[in-house]
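The values are calculated or read from the model by the stated rules, or taken from the named source; none is laboratory data. Keep in mind that what you see is a predicted model, and the values were worked out from it rather than measured. Because the Cβ atoms are built from the backbone with ideal geometry, glycine has one as well, and the counts that use them run over all protein chains shown. When the accessible area is computed, the model is the full protein with side chains, heavy atoms only, and any ligands, DNA or RNA have been set aside. Shrake-Rupley method; radii C 1.70, N 1.55, O 1.52, S 1.80 Å.
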Amino acid sequence: FLMLACGLEQFGVYWPLFVLIFYVVSPIPHFIAKRIGNDSDAASSACRELAYFFTTGIVVSAFGMPIILARISVIAWGACGLVLAGNAVIFLTILGFFLVFGRSDDFSWEQW
C-alpha cells in the first residue's frame, strides 16, 4: 500500500516513504525494555510501561503524519488512505510477530 501511495502516477510524490522511519523505530523501545527489565515474574514494570508509552507515541505519529501531509496538500487524500492502510498492515504484522515470538517458551525467535 505504501509503495502504491508513492508510485501511482496520479499521486506522484514520495513524501509518504518517511513512514518507513516509524516502522524501523517502533520495536526499539520494546527491545530495550526487554533487555533492561529481565524480571518477567512481575505483572508490570516501569521500564515496560515506558516502552509501551514510547511505542504508542511512535505508532500514533505514523498514523498522524500522512494525515497532516494530506491536510496541508503535500500529498493527495488517496495517497493518505493507502498509507494508512499500509500502516495498519505493517503494525498488525509487527504486533503479531511479538505476540507469537515474544513468549518465553520453546518456540522463540531467539533460537534462530
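Descriptive notes on the structure:
- Under the simplified labelling scheme, the residue 20-residue 67 pair shows an inter-label distance of 2.5 nm, with each label point 7 Å from Cα along Cα→Cβ.
- Rolling a 1.4 Å probe over the protein heavy atoms of the range 46-95, with every protein chain left in place, gives an accessible area that is 78 percent carbon and sulfur.
- Shown in residue order for the range 56-63 are the 3J(HN,Hα) couplings computed by the Karplus curve 6.51 cos²θ - 1.76 cosθ + 1.60 at θ = phi - 60°: 4, x, 5, 5, 5, 5, 5, 7 Hz (x for Gly and Pro).
- When each of the peptides 76-86, 25-35, 4-14 is scored by the mean number of other C-beta atoms lying within 10 Å of its residues, the order from highest to lowest reads 76-86, 25-35, 4-14.
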